[in-house]
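Structure, as structure tokens:
The values are calculated or read from the model by the stated rules, or taken from the named source; none is laboratory data. Just so you know, these numbers come straight off a predicted model, no measurement behind them. Using ideal geometry, Cβ is built from the backbone for each residue, glycine included, and neighbour counts are taken over all protein chains shown. In case anyone asks, the SASA skips ligands and DNA or RNA and just uses the protein heavy atoms, side chains included. Shrake-Rupley method; radii C 1.70, N 1.55, O 1.52, S 1.80 Å.
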Amino acid sequence: MPSFDEVLKEAGEFGRFQKRVFFLLSQTGITFSSLFASVVFLGRAPDNFWCRIPGAAELSERCGWTLEEERNFTVLPLHLGNESATGACERLDVAWDTSASCTSPLARYGNLSTGTLPLVPCRDNWVYEQPHSSIVSEYDLVCGNAWMLDLSQAILNLGFLAGAFILGYAADRYGRILIYLISCLGVGICGIIVAFSPNFTVFLIFRFLQGVFGKGTWMTCYVIVTEIVGSDQRIVGIVIQIFFTLGIIILPGIAYLIPTWQGIQLAISLPNFLFLLYYWVVPESPRWLLTRKKGEKALKIMRNIAKHNGKFLSPHYSEITITNEEVSNPSFLDLVRTPQMRRNTLILMYAWFTSALIYQGLVMRLGIIGGNLYLDFFISGAVELPAAFLIIVTIDRVGRRLPFAMSNIVASIACLITAFLPEDIPWLKTTVATLGRLSITIAFEVVYLVNSELYPTTLRNFGVSLCSSLCDLGGIIAPFLLFRLAAIWLELPLIIFSILAAICGLLVLFLPETKGISLPETVEDVEQLPSHFGKCGKKQKHRDTNSYI
């Protein structure tokens with residue numbers, strides 16, 4: 001009996017059926033990347049706000065002041081008395097009542113100079129010219145509460161982390177497409193609740209849950225795509241990253257056209273409900289069905305794939321199976337029990353952590369260096385497009401390992417050079433920084449592909465989920481590391497990024513080369529992969545002689 005990959009080749013490795021499924025599932029990348037980077041626009045710093053003096057609202061209503069007039073009476077005297085005071089995080093320690101003068105409300109304090117009046121920190125009485133433009137103005141995440149904006153992004157990444165474990169495990173046990181559909185429903189529902197959260201606590205709870213389900217959609221769609229194509233077509237795992245980049249490019253346009261954060265949140269959440277229609281057009285992964293000993297269902301799907309691809313499977317195929325390995329509920333011990341699996345797991349975990357930390361750090365660094373937020377964000381996304389094309393033209397020619405290592409090394413060098421370039425050569429500093437962003441994007445995209453190729457079918461979704469969870473840990477750390485180190489020296493984060501990337505570039509050289517090799521189906525297959533620094537690129541099939549279809 002032929003192997004599963006031989007049956008897949010007979011049915012079509014990347015025919016009309018796979019192309020349709022690939023295109024449909026790739027749309028998930030757009031919505032996921034929008035969720036991933038949405039805090040940049042949901043948390044925009046308000047253009048103009050100040051601290052309201054107690055009683056000012058009532059006095060303003062009685063006197064018929066505009067917001068600008070109220071601001072002048074509140075902030076201007078404060079600034080005249082103390083030039084360093086902006087009126088945003090502190091106010092004069094006074095109170096106005098309805099008897100105060102409409103033309104000079106501070107006249108009751110006689111000849112006292114405003115510079116001699118005491119100042120107090122503002123607590124919860126801020127006024128915003130655009131009160132619903134972002135979550136910052138909605139929930140008063142300014143001044144002493146500014147750290148809570150970083151917390152909102154950390155909570156989202158914590159949701160990604162939980163989703164990687166919980167839904168990664170569930171997808172290996174209950175099926176890829178079932179968990180994908182449940183995750184899409186969860187993202188949509190939680191996204192709506194986030195948009196209408198009555199307070200910041202509710203916002204955080206459902207943003208966490210949206211992160212959990214969001215990670216479920218991205219992981220499972222990626223695994224389904226890589227499991228229904230042949231070994232020579234797994235480059236689709238890189239192409240799907242282009243849709244992630246498209247989400248990054250589209251997001252600033254959405255934010256520019258929609259003036260409120262609630263509108264932006266709904267715009268990136270509601271499309272997930274459309275993905276529920278995939279129930280009728282995207283089948284379960286036949287590879288997963290085989291690992292759960294559901295050969296008849298897998299064979300039925302394979303015949304359907306062949307039919308749509310204009311091919312025909314031999315009628316004598318009455319049973320299909322790929323492995324006699326016992327199916328059990330996966331655990332972390334399964335990923336580190338054998339030498340090759342252990343080395344792969346530890347290196348991939350570090351690569352995920354490093355790629356995410358540096359990638360998110362460089363994206364958020366745009367907010368520190370200033371500029372046009374919408375334009376800068378668009379350009380930073382457009383820079384990522386060449387990354388996928390560079391991978392596509394090189395990865396099947398020179399393999400996975402060398403581009404993986406070189407992209408990290410180049411990112412390391414670029415970050416280091418950028419840190420020490422003088423500010424009076426902005427074009428050169430921007431060019432080198434862009435090279436670093438491009439390089440770490442390549443590394444980030446290659447790790448997706450390599451990760452899925454280095455685990456057997458029975459552990460693939462769990463392995464990808466576990467290793468990519470370190471990506472979410474990097475995302476949790478990134479905002480705090482960036483802003484705390486930048487407060488010491490603006491370029492200090494780049495030095496840390498450079499060190500981390502250099503170490504990663506060296507470590508990935510110890511991974512097996514998977515170019516042209518069929519997806520491993522058992523742990524034994526993984527252990528027989530070409531050793532590090534060995535020959536690569538040769539097509540092989542590592543099979544136990546008792547593993548057959």
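Please go through (1) under 30 Å from Tyr174 (Cα atoms); (2) surrounded by fewer than 24 Cβ atoms within 10 Å (Cβ to Cβ); (3) of a type in the set (A, V, I, L, M, F, W, C) for Ala433 and return the number of the only condition it doesn't satisfy.
Against the list (1) under 30 Å from Tyr174 (Cα atoms); (2) surrounded by fewer than 24 Cβ atoms within 10 Å (Cβ to Cβ); (3) of a type in the set (A, V, I, L, M, F, W, C), Ala433 comes up short only on (1).
Only one of Ala502, Ala486 is surrounded by fewer than 23 Cβ atoms within 10 Å (Cβ to Cβ), farther than 13 Å from Thr354 by Cα and within 23 Å of the chain's Cα centre (by Cα). Can you tell me which?
Working: Ala502 fails: farther than 13 Å from Thr354 by Cα.
Going through Ala502, Ala486 in turn, just one is surrounded by fewer than 23 Cβ atoms within 10 Å (Cβ to Cβ), farther than 13 Å from Thr354 by Cα and within 23 Å of the chain's Cα centre (by Cα): Ala486.
If only one of Glu453, Glu445 is modelled with pLDDT of 80 or more, touching a Leu at 6+ places or on another chain (Cβ under 9 Å) and of a type in the set (D, E, K, R), which one is it? Break it down stepwise before answering.
On the way: Glu445 fails: touching a Leu at 6+ places or on another chain (Cβ under 9 Å).
Result of the check over Glu453, Glu445: Glu453.
Can we say Phe165 is surrounded by fewer than 18 Cβ atoms within 10 Å (Cβ to Cβ), assigned to a helix (DSSP H, G or I) and touching a residue at least 24 places away in the same chain (Cβ under 8 Å)? Quick ask: steps written out before the conclusion?
Numbers: surrounded by fewer than 18 Cβ atoms within 10 Å (Cβ to Cβ): yes; assigned to a helix (DSSP H, G or I): yes; touching a residue at least 24 places away in the same chain (Cβ under 8 Å): yes.
So Phe165 passes the test.
Residues being farther than 27 Å from Thr514 by Cβ, surrounded by 22 or more Cβ atoms within 10 Å (Cβ to Cβ) and among the small types (Gly, Ala, Ser): count how many of those fall in region 353-367.
1
Count, please, the residues in region 189-202 that happen to be surrounded by fewer than 23 Cβ atoms within 10 Å (Cβ to Cβ), in a helix (DSSP H, G or I) and touching a helix residue (DSSP H, G or I) at 6+ places or on another chain (Cβ under 9 Å). Let's see the steps before the verdict.
So the first thing to find is which residues in region 189-202 are surrounded by fewer than 23 Cβ atoms within 10 Å (Cβ to Cβ), and the list is 189, 192-193, 195-202.
With the extra rule that they be in a helix (DSSP H, G or I), the set shrinks to 189, 192-193, 195, 200-202.
Filter again for touching a helix residue (DSSP H, G or I) at 6+ places or on another chain (Cβ under 9 Å), leaving 189, 192-193, 195, 200, 202.
Total meeting the criteria: 6.
Yes/no per residue for (1) part of a helix (DSSP H, G or I); (2) open to solvent by 10 Å² or more (accessible area, probe 1.4 Å):
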{"position": "Val223", "(1), (2)": "yes, no"}
{"position": "Thr226", "(1), (2)": "yes, no"}
{"position": "Ile238", "(1), (2)": "yes, no"}
{"position": "Ile242", "(1), (2)": "yes, yes"}
{"position": "Gly247", "(1), (2)": "yes, no"}
{"position": "Ile250", "(1), (2)": "yes, yes"}
{"position": "Gly253", "(1), (2)": "yes, yes"}
{"position": "Pro259", "(1), (2)": "no, yes"}
{"position": "Gly263", "(1), (2)": "yes, yes"}
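Anything in region 505-520 that is farther than 19 Å from Glu227 by Cβ and open to solvent by 10 Å² or more (accessible area, probe 1.4 Å)? List them, or say none.
Passing the criteria: Leu506, Leu507, Leu509, Phe510.
With respect to Pro77, determine if the residue is modelled with pLDDT of 75 or more and over 21 Å from Ser285 (Cα atoms). Don't jump to the end; show me each part of the working.
Values: modelled with pLDDT of 75 or more: no; over 21 Å from Ser285 (Cα atoms): yes.
For Pro77, the condition - modelled with pLDDT of 75 or more and over 21 Å from Ser285 (Cα atoms) - is not met.
Can you name the residue in region 127-137 that is within 22 Å of Ser60 (Cβ to Cβ), assigned to a loop (DSSP other than H, G, I, E, B) and polar (S, T, N, Q) and, of all such residues, is most open to solvent (accessible area, probe 1.4 Å)? Spell out how you get there, then give the answer.
Kept after step one, since they are within 22 Å of Ser60 (Cβ to Cβ), are these residues of region 127-137: 127-133, 137.
Pick out the ones that are also assigned to a loop (DSSP other than H, G, I, E, B) and you get 129-133.
Of the ones still in play, those that are also polar (S, T, N, Q) are 130, 133.
On the way: Gln130: 110, Ser133: 18 Å².
Residue satisfying both the conditions and the ranking: Gln130.
Among the listed residues Ile320, Ile301, which satisfies the condition of being assigned to a loop (DSSP other than H, G, I, E, B), at pLDDT below 90 and buried (at least 18 other Cβ atoms within 10 Å of the Cβ)? Write out each step before concluding.
Details: Ile301 fails: assigned to a loop (DSSP other than H, G, I, E, B).
Just one listed residue meets the conditions, Ile320.
Of everything in region 247-298, what is modelled with pLDDT of 90 or more, in contact with a Gly (Cβ under 7 Å, 6 or more places away or on another chain) and under 20 Å from Thr226 (Cα atoms)? Give them in sequence order.
Residue satisfying the conditions is Glu284 alone.
For residues in region 333-352 being open to solvent by 40 Å² or more (accessible area, probe 1.4 Å) and more than 14 Å from Phe462 (Cβ to Cβ), which is modelled with the lowest pLDDT?
Out of the qualifying residues, it is Pro339.
Looking at (1) free of Cβ contacts under 8 Å to residues at least 60 places away in the same chain; (2) crowded, with 20+ Cβ neighbours inside 10 Å, which is the one condition that is false for Glu68?
The failed condition is (2).
Of the residues Asp150, Asp124, Asp140, only one is in contact with a strand residue (DSSP E or B) (Cβ under 6 Å, 6 or more places away or on another chain) and either of a type in the set (Lys, Arg) or open to solvent by 20 Å² or more (accessible area, probe 1.4 Å) (or both); which? First the steps, then the outcome.
Numbers: Asp150 fails: in contact with a strand residue (DSSP E or B) (Cβ under 6 Å, 6 or more places away or on another chain); Asp124 fails: in contact with a strand residue (DSSP E or B) (Cβ under 6 Å, 6 or more places away or on another chain).
Being in contact with a strand residue (DSSP E or B) (Cβ under 6 Å, 6 or more places away or on another chain) and either of a type in the set (Lys, Arg) or open to solvent by 20 Å² or more (accessible area, probe 1.4 Å) (or both) holds for just one of Asp150, Asp124, Asp140, which is Asp140.
Of Ala388, Ala414, which residue is in contact with a helix residue (DSSP H, G or I) (Cβ under 7 Å, 6 or more places away or on another chain), part of a helix (DSSP H, G or I) and crowded, with 24+ Cβ neighbours inside 10 Å? Talk me through it step by step, then tell me what you get.
Details: Ala388 fails: crowded, with 24+ Cβ neighbours inside 10 Å.
Exactly one residue qualifies, and that residue is Ala414.
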